[in-house]
Amino acid sequence: MGAKLGKRGRWAVGAAALAVAAVTAFACADPGYSPTWELAKDRYELGGNAAVLTPGNDTRVNLLLLLADRRGTPVRDPSAQQEGPPLVLFPWSTMSDYARPPQPGGDIQPASRCQSQAAGAAAFAAALKANPQVPADDRQRLAAARAAYVADCSGAAAPPPAPAAASPAGKAFAAYLAGAGQFYSGRFATARASFAGLAAAPDPWLRETALYMVARTELNRAQQAAFDEYGSLTEVGKRDLGAIAAAGAALDAYLKAYPNGRYAASARGLTRRVAWLGGKDQALAAAFDRQLAGSGPFDGAGDAVDLDEEIDLTLLTGGGGFAARDPLLLAVADLQAMRCTDGEETPAPGCTRHLTRDALERQAPLFAHEPALFGYLRATEAFYVRRQPREVLALIPDAAREKRFTYLEFSRQVLRGLALDSAGDRNARGFWLSLFDGAVQPYQREALELALALHEERSGAVARIFAPDSRVRHPVIRQMLLEDVAGPDLLRQQAKDVRAPRQEREVAAYVLLAKELRRGFYREFLDDVALVPAGARADSYYGGARSYNANENPELAPPPLGRFGPKARLGEIGCPALVATVRQLVAAPAAVRPRLCLAEYFRSNGFDGFETDETPATTGLASSRPQFPGQPYQRLEVYKAVIADPAASADDKAIALNRAIRCYAPSGGNSCGGTEVGREQRRAWFNRLKHDYPASRWAQQLKFYW
């Protein structure tokens, strides 16, 4: 999936950062939204990645997991500081940030050729100091000029004049400074001439660096016509292929002269950029194959995350992954090609995929040394593309009881568990439980808890998730089930369980009390309201577990239990305390004023669209039928009943008319629930209010209807 910069703003083009700001203009933090809480995904979701190799994962996530197996690449740095609960599902931007050690000042910085300015200044100063042929006066002027120079890659500022130097050696350094200023200001033709003029410079650092900068200058010149106004790579025919070829030749010249030079790794990385700009997928894939097959540092990439993002942007996003021959890279391309890509809501076979079973089988020779990986791809195709779970069970034998899973082994066993569930196998639960001891690598335990929770929910055994010996301990998973699925007995149990975390107890109490009120269980509410602790907050924000987002809202918000206590807002019609109102409803359920008071309470506390009364997700965790009986409260229906009730007082009818009309304020849409009424009916209510109760403050304060 399209490359994005992490918080450090790096992109894998080596120590020499190029002018790719247009390409990476979309490289901001991934926007947050709640993904489908599911592991069996064949559709891409921005924030729905897990530690399981799937078609739905971001390609960068899949590649990083495979690199962790092959090269020990960190998936989560031990020193990474994470807020909130452990990650189950996450966007790539969060994973990539946690894969690196934390650094201060991690703001996003746009990638450009100016990123090399600081390192270049330090190298220039060191080389100047090391050259005994430069007199002290020249050295001082040159060092001061380089230190004072501020690079401007916008192209708007003219480069400063190079300082004067008296000695031949000093003049050579001054010529380099002139070239550097021209380069950073975007005057590539003059910059190239300045650097090329130093080919025979006596100083070895100048000779080598100038030759390297010729290549960088040619590459930046080649990029000028390679991108459109939106930062997208243009068609190959619209690019300056001559300039691209010149950049490649310049890099080759540097590498021929300095195969082990100080910029050799960066130059080799930049040859990949040349292949990308030239539309040469075969050459680009071969270069990445060499990087993945090696064991040392990556050429032109600071770390695996940088290389991962470069591969994604330059090769995989353009569909060139099938040109690869390294099994890891080809496997990532295969998984990407197994996705549903048409955006329809219906599952396969209604969606388009770009890899057939026959095409996959033709790749078998390339996986000769990776049989487990190829077996996994075969099983993935059987499960996601052809929906054959029994075939998966034949392809992936049970190997659950391991002390430590690699990410490939873990993915294989998770896919077997998903197939057992899909086939309705009675051994599925036991299989999931047997995986826990080996799920010790980052994000594995969390993914396994989600898998087990999904199994328990779909088996009608949500209560087992909250048993004392449950392996499902993740707070978000448990809270989602309490909010959306749990019935009153389970909610009451967890609200009273002193062994449960405070957040879970309070959520259970909050949902229990809200649903009792909203569904007419008034006697039960009076018994359970004792669960509200003294001093409970009434105004705290609470969006529910589905609002939790690892990237933007890493903490679960505490519920405002105080809304059920003495601090509850009671509205504007002079109602008694909430508990007193509920007692009146227990004594006389049809009493008009208590019913209006409860409606006023719901209106004042924002309970019309109560979070846990929303329609559950169609798939994934907490998508089963809610176990709490009754129907959600609909405030508009209360007003309709009072308006039609001949026993209601004039003031009660005026209140009901006012509030019924206001259900449609200010947009004309109903915010109160219940059966819709048209604008004509609202006008009739308005006229009745004004005609029948003109002296009422409820008539006087209402100026129009919606």
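The values are calculated or read from the model by the stated rules, or taken from the named source; none is laboratory data. Predicted model, so just to flag it, every value in this text is computed and none were measured. Cβ sites come from the backbone with ideal geometry, for glycine too, and all protein chains shown count toward neighbours. When the accessible area is computed, the model is the full protein with side chains, heavy atoms only, and any ligands, DNA or RNA have been set aside. Shrake-Rupley method; radii C 1.70, N 1.55, O 1.52, S 1.80 Å.
Say we look at region 170-211 and pick out the residues that are open to solvent by 20 Å² or more (accessible area, probe 1.4 Å) and assigned to a loop (DSSP other than H, G, I, E, B); which of these is farthest from Ala225 (Cα to Cα)? Per the stated criteria, the residue is Pro202. If you go through region 146-162 and keep only what is within 11 Å of Gly181 (Cα to Cα) and either open to solvent by 60 Å² or more (accessible area, probe 1.4 Å) or not in a loop (DSSP other than H, G, I, E, B) (or both), you end up with Arg146, Val150, Ala158, Pro160, Pro161.
The condition (being farther than 23 Å from Pro389 by Cβ, part of a helix (DSSP H, G or I), in contact (Cβ under 8 Å) with a residue 40 or more places away in the chain and open to solvent by 40 Å² or more (accessible area, probe 1.4 Å)) is satisfied by just one residue among Arg492, Arg445: Arg445.
Only one of the listed residues (Arg537, Arg546, Arg569, Arg563) is under 13 Å from Tyr510 (Cα atoms), open to solvent by 40 Å² or more (accessible area, probe 1.4 Å) and not hydroxyl-bearing (Ser, Thr, Tyr). That residue is Arg537. Identify the residue in region 663-676 that is under 19 Å from Ala599 (Cβ atoms) and either without any contact (Cβ under 8 Å) to a residue 12 or more places away in the chain or hydroxyl-bearing (Ser, Thr, Tyr) (or both) and, among all such residues, is most open to solvent (accessible area, probe 1.4 Å). By that ranking, first place goes to Glu676. Here the condition is being at pLDDT 95 or above and over 22 Å from Val150 (Cβ atoms); of Val236, Val214, it holds for Val214 alone. With the requirement that a residue be closer than 25 Å to Ala193 by Cα and charged (D, E, K, R), what does region 215-265 give you? Those that are closer than 25 Å to Ala193 by Cα and charged (D, E, K, R): Arg216, Glu218, Arg221, Arg239, Asp240, Asp252, Lys256, Arg262.
Would you confirm whether any residue within region 680-701 is open to solvent by less than 60 Å² (accessible area, probe 1.4 Å), within 15 Å of Glu600 (Cβ to Cβ), part of a loop (DSSP other than H, G, I, E, B) and of a type outside the set (A, V, I, L, M, F, W, C)?
no
Restricting the search to helices (runs of 4 or more DSSP H) fully inside region 383-439 and requiring at least 3 residues that are free of Cβ contacts under 8 Å to residues at least 60 places away in the same chain and open to solvent by less than 20 Å² (accessible area, probe 1.4 Å) gives 407-422, 428-434. Scoring Ser623 on the criteria (1) open to solvent by less than 40 Å² (accessible area, probe 1.4 Å); (2) polar (S, T, N, Q); (3) at pLDDT 95 or above leaves a single failure, condition (3). Any residue in region 252-261 that is without any contact (Cβ under 8 Å) to a residue 40 or more places away in the chain, closer than 24 Å to Arg139 by Cα and in contact with a helix residue (DSSP H, G or I) (Cβ under 8 Å, 6 or more places away or on another chain)? No, every residue in region 252-261 fails to be without any contact (Cβ under 8 Å) to a residue 40 or more places away in the chain, closer than 24 Å to Arg139 by Cα and in contact with a helix residue (DSSP H, G or I) (Cβ under 8 Å, 6 or more places away or on another chain). The condition of being touching a helix residue (DSSP H, G or I) at 6+ places or on another chain (Cβ under 6 Å) and either assigned to a helix (DSSP H, G or I) or surrounded by fewer than 23 Cβ atoms within 10 Å (Cβ to Cβ) (or both) holds for only one of Ala265, Ala331, that being Ala331.
Do we have Leu316 as touching a residue at least 40 places away in the same chain (Cβ under 8 Å), open to solvent by less than 40 Å² (accessible area, probe 1.4 Å) and closer than 28 Å to Tyr384 by Cβ here? Can you show your working first?
Working: touching a residue at least 40 places away in the same chain (Cβ under 8 Å): yes; open to solvent by less than 40 Å² (accessible area, probe 1.4 Å): yes; closer than 28 Å to Tyr384 by Cβ: yes.
It is true that Leu316 is touching a residue at least 40 places away in the same chain (Cβ under 8 Å), open to solvent by less than 40 Å² (accessible area, probe 1.4 Å) and closer than 28 Å to Tyr384 by Cβ.
Would you call Arg593 at pLDDT below 95, basic (Lys, Arg) and either open to solvent by 50 Å² or more (accessible area, probe 1.4 Å) or not in a loop (DSSP other than H, G, I, E, B) (or both)? No; evaluated as a whole, the condition is false for this residue. Evaluation of Gly231 against the conditions (1) open to solvent by 40 Å² or more (accessible area, probe 1.4 Å); (2) over 23 Å from Ala145 (Cβ atoms); (3) at pLDDT below 95 shows that the sole unmet condition is (1).
Considered as a group, the residues in region 644-662 that are surrounded by fewer than 18 Cβ atoms within 10 Å (Cβ to Cβ), of a type in the set (A, V, I, L, M) and part of a helix (DSSP H, G or I) include one that is farthest from the chain's Cα centre (by Cα), and that residue is Ala650. Taking Gly535 as the residue in question, decide whether it is assigned to a loop (DSSP other than H, G, I, E, B) and within 28 Å of Arg662 (Cα to Cα). Answer is no for this residue.
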